[in-house]
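I have placed the structure first, in the form of structure tokens, so that the comments after it can refer back to it.
The values are calculated or read from the model by the stated rules, or taken from the named source; none is laboratory data. What you see is a predicted model, and the numbers here were worked out from it, not measured in a lab. Every residue, glycine as well, gets a Cβ built from its backbone with ideal geometry; the counts of neighbours run over all protein chains shown. Only protein heavy atoms, including side chains, enter the accessible area calculation; ligands, DNA and RNA are left aside. Shrake-Rupley method; radii C 1.70, N 1.55, O 1.52, S 1.80 Å.
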Amino acid sequence: MKKIVVLLFLVSQTFIQAQEIKQIPQISVNGQGKIKVVPDRAVITIGIQNSGKDAKTVKNENDITADKVIKFLKKYEAKTAEYKTTQVSLNQVYDHQKKQTNYQASQTITIALKDLSKYDEMIIGLMGQGVNRISNVEFKSSKMTELEAQARKEAVLDAKKKAEDFTSPLGQKVGKAIQINDNSAGYFPPMYKNAYAMEMAQDSDANRETIAIGEIEILVNVSVSFILE
């Protein structure tokens, strides 16, 4: 009998404690941190591709072009650009209409360009070496880590400000944060509004506009729960 009484007492105490925890006054709000910055770097993805009826010939043609491209890139110091091969393939492709087998060789190289003033020079030079595809150009900032940290701080402060806006009319204060969730997507799309264009001299008398870089938008979204005092 005593054991049953003790067990019931413990259960009741646990239930009461759980009720007390659930009844802690709190407020949950969302906060956003947004920073825009003009990029100073670019990641360029280029491709080399050759096709034909003979696998050895196709591969050899691709290798010759890749050799030219790599030698061209070597003239840029590490401070200007870094590069690496990210994909190599040799595929057999059957043409059902012509009823013949062809081969396709390809190589993808990613270049981290640290000096955007070299963009035109590099792109034109790569195409001259036999590159037949530029599949992607992504603009970035060399200060991305610091800017992300700043955006996180702004997001949390924004959440606290919203919580205070809700509670101040009620005569309550915002206490400690008891839960913080990062809801950011982790993708920073380029913003083209008010974009500027890079210029490079085509000859001694004329300039040409080549790329509209715009701004990178670093966006951080958080949800924060605060204790109400």
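Things to note:
- Dipole-positive endmost among THR65, TYR119, TYR76 within segment 59-155 (Cβ charges, Cα centre): THR65
- Estimated at the nearest 10 Å², the accessible area of VAL222 is 10 Å² with a 1.4 Å probe.
- Residues ILE134, ILE111, ordered by accessible area of protein heavy atoms at a 1.4 angstrom probe radius and largest first, appear as ILE134, ILE111.
- Nearest-10 value in Å² for the accessible area of ASP54, using the 1.4 Å probe: 80 Å²
- Stretchable slack from GLN104 to GLN172, in nm (0.36 nm times residue separation minus alpha-carbon distance): 17.5 nm
- Counting lysine pairs in segment 74-150 that sit 8 or more residues apart in sequence, or on different chains, and whose Cα atoms lie under 20 Å apart gives 17.
- Computed accessible area, MET144, all protein chains, 1.4 angstrom probe, square angstrom: 30 Å²
- Residues whose placed amide H lies under 5 Å from that of LYS173, excluding near-sequence neighbours: GLU229
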